[in-house]
Amino acid sequence: MKKVLLGSVLAGALASGGFAAEAGKTPADYVDPWIESTKSRYFFFNTACRPFGLVNLSPDTSPGTAPITGRWKSGYRYQDKHVYGMTHVHGWHTAGLLVMPTTGAVNPCDGMEAWKSEFSHDDEIVQAGYHKLHLDRYDVDVELTSTARVGFHRYTFNQTGQADLLVWLGGALGGQRMLDARIERVTDREICGSVVQSSRGGAAKIAQPNEARLFFVIQLDRAPSEWKAWQGNKEIGPLTEPIRGNDLGTFARFNVKAGDQLLVKAGISWCNLKEARNNLETELNHWDFDRVRRESRDEWNQWLGKIEVKGGTEPQKIKFYTDLWHSLLGRRRTHDVSGTYPNRMGPERIVGQLPLDENGQPKFWYMSFDAIWIMRWNLNTLWGLGWPELMDDFANTALIAYKDCGHLPRSMTTGARRPIMTGCHLTDLMVSAYQKGIRGFDEQLALEAMVKGHSPGSTMDRGYDDMALSLRLGYVPMREPPKSFGAAGRTMEHAMLDWSLAQYAKALGQDELYDTFMKRSGNWRNLFDKETGFIRPRMKDGSWKTPFDPLMDANRKGFVEANSWQTTWMATHDVQGLADLMGGNDAYCDKLNYAFEQSREFDFAGAYGKGYVSYGNQPACGMAHLFNYAGKPWLSQYWVRQVNERTYGGITPDSGYGGHDEDQGQMGGVSALMSIGLFQARGGCDVDPIYEITAPVFDEVTIHLDPRYYPGKIFRIVAKNNAPENVYIQSARLNGNPLENCWFYHRDFIKGGLLELWLGPKPNKAWGVKPLPL
């Protein structure tokens, strides 16, 4: 059922006079992978990669050799001067299979520092699906592209002499310790093997049975003169027999002439060697590098072209399509072309099988991902607009995990759930999908899984009886560390997630469950301190935590990567209730407006977990749109544009996403939604979901609707009198009829249609003030 044909998207865009006709460019041409790449996490920057590719091939300039902490500030970073290798896996708790070409006398036993090479951005090309750079030390041109599961390299040697191709399976990459490597020479032009990825840190020496193992098959288009192997700082000698151990590497040696090229293919799998080979032979059974590069670009255009834009500035288009690129890149497919997937939920790694369709293809993708934490304010909405099949993929991945281990995961990595972050945010994703008519998953099993996930001993529970206490007290209490982790922040998360589950129960006619979870969704009120006017942590005995400062940051103070100024507004499912507690809508808006005014000088992205507003992290990403719910939509229009320009408007290597953690497309998702003027503060989890409206930065936005889910063909947004200063909506029409609301229904969106907005430099305080549906 996967993926709309390329021609149906791009041909439509051309015919409608969209991006291609207007600028002579396609969406992929606008993507700039360098944006904010000085602050990369290991998996942030992946150029030679398909959408959600199992292979994420790119150069490593900061390989992240420090165990665990190497996940941060690593991978490819723009400010670095050296390349250490071309690595095939950059993911959440995954890394590995580093390849590096060298020339001349290089001893790989001396380690990565001995074989690194200088490079320059002057002759470098970075694109969606392709990367080219020059290794100055070796005078070698490197080109990288990929299929979904196969990395493809082309090396051009500009000097005559000895050349080696190093394959390194040791040390640490991206904070992962490489263990128990295995290498076998199959033919003169092929090797295969595997290596374990351990997240246990530098002390790990022995691989555990359920740790992730990366399997690979590497093929060369020409035979080397010899293969040799090394282990740590010692040479083993010719690779004539299979070898096994920690810190293993091998290299192929060539005698090259100036201008010679070497092509390298590397197929990978998380299941076994058979599947790695099948992935390679199925996806890449030829040696035409330029063809694969074109096909990768075409596939990116197919995906990115689901939303086309006209007007706006060149930087705005660059940022918008880079935002979409990140939102379609950061998480990873984990299954093979045959539908096999790694199951590491038990004491040993086993291989599972996805259900297949009538053509023998997997019915859905099986995904790896960092936490789905608070995706209600970014990807749940964005994917639902242009890529609804992704909602099905992630929902089905969640339910496979539930069947495999009995719990919904907070995070998934190569078939194992990881206890990162808080809450049970797959609830929001599945509820949002269902309410929008995206229902390619078992709705009753989803209900069962979510109810369990919201119960003691499951997904929401971080141990220490905190869920049982929460249900008894009506809040997660502050206790001694680590029992007090994020207590007030988690109470707010639980409340909004309970509200979402209640809406799902209501849609399924489960009245008793609806009543139960609606009651729980009001628990946030138990932490509202009327004296201070903020959400405030409480102790187990009911007393308030003291001392208390709403600007006090971070987890041990009772909040999760935030503070009370940011967390108080998370009751987006009950804005009117919070406004009433604050003294009414005017008081609510005044206080929220004050927070933005105080944050302006910090571009609304203060230090991690600090400040009044921070659009550099998830907890505050719904704040600017909340004026829509309190009767002052013109303030949402103003502050959304301010955040979009000041926090997310940069297109340099130092700016673009708030400077903290782009988080696998989440900040890109917020930025993209602000640019097209649509948002869902309640995450689309209402029984009858709505979109809130602000002014888009583009003259026209066209969303191509997926015919497998939605009956309409396109939904267009046209901004009249669009100009940088015209951020305020004066009036609106939906399908030719006057629209007096600052919102419209998803049921109208899926039919296709036209939303027209007339903009101006001053607010029309009479438009859009009708209360939003509860």
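A few remarks follow.
- Reachable lysines, given that their alpha-carbon falls under 25 Å from the alpha-carbon of residue 132 and they are not under 8 places away in the same chain: 25, 39, 73, 81, 116, 257, 265, 317, 319
- C-alpha long axis of helix 426-435 to longest principal axis of the chain, angle in °: 70
- Note on residue 359 and residue 285: their simple-model spin labels are 1.6 nm apart, each label 7 Å out from Cα toward Cβ.
- The chain, accessible surface, carbon-and-sulfur percent (1.4 angstrom probe): 49
- Summed residue charge, Cβ within 15 Å of residue 747's Cβ, Lys/Arg positive, Asp/Glu negative: 0
- When each of 483/519; 310/762; 234/274; 530/557 is checked by Cα-Cα distance, pairs over 28 Å: 234/274
- Distance from region 433-505 to region 275-343 (C-alpha centre basis), Å: 34
- 601, 241, 700, ranked by accessible area, largest first (probe 1.4 Å): 601, 241, 700
- Long-range HN-HN contacts of residue 413 with modeled amide H, under 5 Å: 369, 418
- Reachable aspartates and glutamates from residue 751, criterion Cα separation under 17 angstrom, eight or more residues apart if same chain: 688, 706
- Accessible area per residue, Å², the chain with all protein chains present, probe 1.4 Å: 33
- Length gained on full extension, residue 118 to residue 81: 12.8 nm, using 0.36 nm per residue less the C-alpha separation.
- Acute angle (nearest 10 degrees) that the helix 273-283 long axis makes with the longest principal axis of the chain, alpha-carbon atoms: 80
- Those aspartates and glutamates that a straight Cα-Cα span of less than 18 Å connects to residue 632, excepting residues fewer than 8 apart in one chain: 574, 580, 586, 590, 597, 692, 740
- Charge sum, other residues only, whose C-beta stays under 15 Å from residue 513's C-beta, Lys/Arg counted +1 and Asp/Glu -1: -2
- What separates the Cα centres of region 77-125 and region 579-600 is a distance of 50 Å.
- If R0 is 60 Å, the Cβ-Cβ spacing of residue 443 and residue 235 corresponds to a FRET efficiency of close to 0.50.
- Shape of region 635-762, Cα gyration tensor, a/c cut at 1.5: oblate
- Formal net charge of residues neighbouring residue 679 (Cβ-Cβ distance under 13 Å; K, R +1; D, E -1): +2
- Principal-axis tilt of helix 585-599 within the chain, Cα atoms, nearest 10 degrees: 40
- Label-to-label distance, residue 587 versus residue 747, with points set 7 angstrom from Cα along the beta-carbon direction: 3.6 nm.
- Correct choice for P(r) over Cα pairs in 10 Å bins from 0, in percent that was computed from the model, options (i) 2, 12, 19, 21, 18, 13, 8, 4, 2, 1, 0; (ii) 2, 12, 21, 25, 20, 11, 6, 3, 1, 0, 0; (iii) 3, 14, 24, 25, 19, 10, 4, 1, 0: (iii)
- The label point for residue 314 and the one for residue 766, both projected 7 Å from the Cα toward the Cβ, are 4.3 nm apart.
The values are calculated or read from the model by the stated rules, or taken from the named source; none is laboratory data. Remember, predicted model here, so these are calculated numbers, not experimental data. In this analysis, Cβ positions are derived from the backbone assuming ideal geometry, glycine residues included, and neighbour counts consider all displayed protein chains. For accessibility, only protein heavy atoms count, side chains too; no ligands or nucleic acids. Shrake-Rupley method; radii C 1.70, N 1.55, O 1.52, S 1.80 Å.
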